[in-house]
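What follows draws every value from the coordinates through simple rules; no lab data is involved. Fair warning: this is a prediction, and the values are worked out from it, not measured in the lab. Please note: Cβ atoms are built from the backbone with ideal geometry, for glycine as well, and neighbour counts cover all protein chains shown.
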Amino acid sequence: MRDGSPPAGAGEYRALSRLISRIENHPGAAASIIADLWSRTGRARRVGLTGAPGVGKSTLADQLITAARDGGLTVAVIAVDPSSPFSGGAILGDRVRMVRHSGDPGVYIRSMAARAHLGGLAAATRDVAYVLEAFAFDLILVETVGVGQSELEIMRLADTVVVVTAPGFGDAVQTLKAGILEIADVLVVNKADRPGAKETVMQLREMRRLVPHHDAWDVPVVETTASTGAGVADVWEAIRRHGEHLRTSGELEARRGRRAEREVLALVEAALASRVRATVHDRGEPAELLARAKRHEADPHSTAKAILERLIPPEGR
Amino acid sequence: MAKIGLDGHDRGVKVVARALRDAGFEVVYTGLHRTPEEVAVAAVQEDVDVIGVSILSGAHMALVPPLLDALQARDAGDIKVLVGGVIPEADRAKLRDLGAAAVFDQDASTDAVVDWIRRHGVRSEE
Ligand SMILES: Nc1nc2c(ncn2[C@@H]2O[C@H](COP(=O)(O)OP(=O)(O)OP(=O)(O)O)[C@@H](O)[C@H]2O)c(=O)[nH]1
Ligand SMILES: [Mg+2]
């Protein structure tokens, strides 16, 4: 039932928060956590918000929370901010823009620092999204700064990706270079109250033609002034329409299928890699092969191939 | 790191936030003019180890107890509360008796705050 009441277990935000910390701090803990709550996942609508620093993603998220709450949906937000490459610390400031929802038990907001996650930042956010689904939130909003590859990777967990730009924030061409336009399902030009908004909209409409969307969906370009709320209803409507498109076209199943496959393969790869690293020195042929390479007696490519053949017999044997 | 109450001076709290970041901590900044309830909700949702509140208006005796109560009410009394501001000696002892983990004067060095958090802040995991 979508009556806007807090999700079951919402009173236990403390428990939810602890669970998320465990996933963040101990990648090894995720496996059993996710297995336990798996049967309760899969029902939330997942929307990603990405774009350059300062374009207004958090302010827009705040407005979308309001729109969702008005529509009777409960909302969880994952707000990812970069970590300092020097100290590993971070200042997480997205929450400041969403504070007015603080007293609403139907809204949960969690900041995450990008860190140098062992299993990858994308893996950690993905698992956090599953936890939030299991706590029965209707809408999961994920905000990331659209710069690094790992941030783009996070957006793969979303069903609908909203790419936010603003006039004066690097021209749209730069956005295209970052590979961000290809993943956009909805394009937002925020700060429409600033000069240059119309030009940015036109530029994006032009570029959208050059980058065909991978399925039959006409990517809308929407203008907003998130700080006043103007245009937010149009973004919400575009997100809703895209959701409908995903369902009716079969693209939702396809996307989720691709996502599941990628997740499994990434986990297998990570596990294999750590197993290889843990055992390659032990003894036997792989260790000898490695030792020869270290003595410069064999080249890295042949050595790798030979080790791999010992560890995983090639097909047809 | 949070500012509760009406005073609009966030320079100090931002300096401390940056120092903590540079010392390797993850800092959630909640902005100006927060209520004790808002800070408690943020602290619980973010699962923080320490809350640092800066109160320069002199209203610390009115603002800190509600924050401690709001944490208790959320089963989060184990989150340490560090109070900074213009706080007379007599009030410091009172705040500590009420349950504040530490009280720092506005003039305390940033290093002292970072050092305190490094030594006492990080919660042991169960
Ligand atoms: N003029 C104008 N300012 C806006 C608008 N939307 C947001 N802002 C302001 O832009 C600044 C950045 O907004 P945020 O929402 O924090 O931007 P963000 O993209 O989340 O920033 P990061 O998370 O740091 O990347 C704030 O000062 C906002 O008040 C808008 O539509 N018009
Ligand atoms: Mg933000």
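One table, with the values for the structure above:
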read-out: Footprinting exposure proxy for B:ASP78, A:ASP104 (fewest neighbouring C-beta atoms within 10 Å first); value: B:ASP78, A:ASP104
read-out: Cut-off under 5 Å, modelled amide H: who pairs with B:GLY24 long-range; value: A:GLY89
read-out: HN-Hα J in Hz across region A:33-45 - Karplus 6.51, -1.76, 1.60, θ = phi - 60°, x for Gly and Pro; value: 4, 5, 4, 5, 9, 3, 5, 9, 9, x, 9, 7, 8
read-out: Exercise: per-residue mean of other protein chain Cβ atoms within 10 Å, A:85-96; value: 6
read-out: Residue range of chain A that is longest and free of GluC sites (Glu not before Pro) which are both DSSP loop and sparsely packed (at most 12 other C-beta within 10 Å); value: A:1-296
read-out: Table column - 3J(HN,Hα) (Hz), region B:111-121, Karplus curve with 6.51, -1.76, 1.60, x for Gly and Pro; value: 4, 5, 5, 4, 5, 4, 5, 5, 7, 10, x
read-out: Residue exposure sequence - B:SER109, A:SER249, A:SER150 - by fewest surrounding Cβ within 10 Å; value: B:SER109, A:SER249, A:SER150
read-out: DSSP-defined antiparallel bridges as percent of all bridges, chain A, nearest 5; value: 5 percent
read-out: Other-chain or far-sequence residues with amide H under 5 Å of A:ALA79's (modelled H); value: A:ARG110, A:SER111, A:MET112, A:GLU143
read-out: Residue-by-residue Karplus 3J(HN,Hα) for region A:295-304, coefficients 6.51, -1.76, 1.60, Hz, glycine and proline x; value: 8, 6, 8, 9, 7, x, 5, 5, 4, 4
read-out: Burial ordering of A:THR41, A:THR160, A:THR165, fewest other beta-carbon atoms within 10 Å first; value: A:THR41, A:THR160, A:THR165
read-out: Under-5 Å amide H pairs with A:ALA166, H placed in peptide plane, nonlocal only; value: A:ASN190
read-out: Per-residue [θ]222 nm for chain A (sum of -39500 (n - 2.57) over DSSP H runs n ≥ 4, rounded to 500); value: -14500 deg cm²/dmol
read-out: Sites matching trypsin sites (Lys or Arg not before Pro) across region A:187-285 that sit in DSSP coil, with at most 13 neighbouring C-beta atoms within 10 Å; value: A:ARG283
read-out: Of A:LYS57/B:LYS3; B:LYS14/B:LYS94; A:LYS57/B:LYS94; A:LYS191/B:LYS14, those spanning more than 31 Å from alpha-carbon to alpha-carbon; value: A:LYS57/B:LYS94
